[in-house]
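Quick notes on the structure that follows.
The values are calculated or read from the model by the stated rules, or taken from the named source; none is laboratory data. No experiment lies behind these values; they were computed from the predicted model shown. Note that we place each Cβ from the backbone using ideal geometry, even for glycine, and neighbour counts take in every protein chain shown. Protein only, heavy atoms only, side chains kept; ligands, DNA and RNA dropped before computing areas. Shrake-Rupley method; radii C 1.70, N 1.55, O 1.52, S 1.80 Å.
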Amino acid sequence: MNTTNQHRRTLLKGAISASTMALVATSGLLLPQRLLAHWSTSAFNAETVEDALLALLGQAEEASTTGLNFKVGSPPSYAVNGASVPIEIQSDLKNIERIAVLVDKNPLPLALSIAPSSAVKLPFKSMIKIAEDSEVIAIIRADGQLYKTSRFVEVDIGGCA
Amino acid sequence: MGLVRKDRIRAKLKSGDTTVRILLSHPMHTGRGQNDAGDLIPAQFIQDFRCWRNKEEVLTIECGTATAANPYFSFQLLGGERGDKIAIRWVDNLGAKGTAETTVK
């Protein structure tokens, strides 16, 4: 009698602590939150372009398609290897608050979110991964206005592994 | 002692402005790639990148998994002179960090 009770107790205890640990782990409490303080988790984990933009900028409708020069791939709009596709963003806009680069067909579209100070002068060049033939979108927010442009890029070998 | 990191950074004065080129050494695993045994490689990618000129912060970049492996960034800074110190620092999602510094040539 006594031993069965004891046994039941340890079993219960084990089950409870296991379930609480699972809860803690899934809720992300074990992540180093302080390090991630500046990283827009919801924007980068969004699975559509609209969601990512809403989370990042708080608005998704773009005002203008001019004033922004965007190049993807080399030669332009083509990439042999999707794992590193060169991009270049050029603009004459003043007071740029944020530049974002998104790949429409990627599992997680938001690739880069750049916050330049007034000392930074464009062009900005970098490399991104593109999973498959897709629209690549560049967005600039300057003086509270959104400027957006996109290029369709053909990819030979997908690069999101 | 962590991995040997070779982050490269070059800063050059060109017609009055400073051109900065940065090549970080990082695998940028998205969490969807597989190793030779077919197991998923856990996600590890740079999330936060910062750049300073003479202790003044000039640029912040947040990276997602769609930033290419060994991230490359190139941009210009208005003005500047020879001897300016350009410093960078990055942090990835697992908390690994890297720094590099150079002087403008």
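For A:I87, indicate whether it is without any contact (Cβ under 8 Å) to a residue 60 or more places away in the chain, in contact with a strand residue (DSSP E or B) (Cβ under 6 Å, 6 or more places away or on another chain), closer than 22 Å to B:H29 by Cβ and not in a loop (DSSP other than H, G, I, E, B). Spelling it out, A:I87 is indeed without any contact (Cβ under 8 Å) to a residue 60 or more places away in the chain, in contact with a strand residue (DSSP E or B) (Cβ under 6 Å, 6 or more places away or on another chain), closer than 22 Å to B:H29 by Cβ and not in a loop (DSSP other than H, G, I, E, B). Looking at A:K148, is it in contact with a strand residue (DSSP E or B) (Cβ under 9 Å, 6 or more places away or on another chain) and free of Cβ contacts under 8 Å to residues at least 12 places away in the same chain? No. Every condition in (1) open to solvent by 10 Å² or more (accessible area, probe 1.4 Å); (2) more than 7 Å from chain B (Cβ to nearest Cβ) is met by A:M127 except one, and the failing one is (2). Any chance segment A:124-145 includes a residue that's free of Cβ contacts under 8 Å to residues at least 24 places away in the same chain, assigned to a strand (DSSP E or B) and on the phi < 0 side of the Ramachandran plot? Within segment A:124-145, not a single residue is free of Cβ contacts under 8 Å to residues at least 24 places away in the same chain, assigned to a strand (DSSP E or B) and on the phi < 0 side of the Ramachandran plot.
None of A:I137, A:I89 is open to solvent by less than 50 Å² (accessible area, probe 1.4 Å) and either among the small types (G, A, S) or within 26 Å of B:E56 (Cα to Cα) (or both) except A:I89. The condition of being in contact (Cβ under 8 Å) with a residue 40 or more places away in the chain and either more than 21 Å from A:I128 (Cβ to Cβ) or not β-branched (V, I, T) (or both) holds for only one of B:A69, B:A87, B:A37, that being B:A69.
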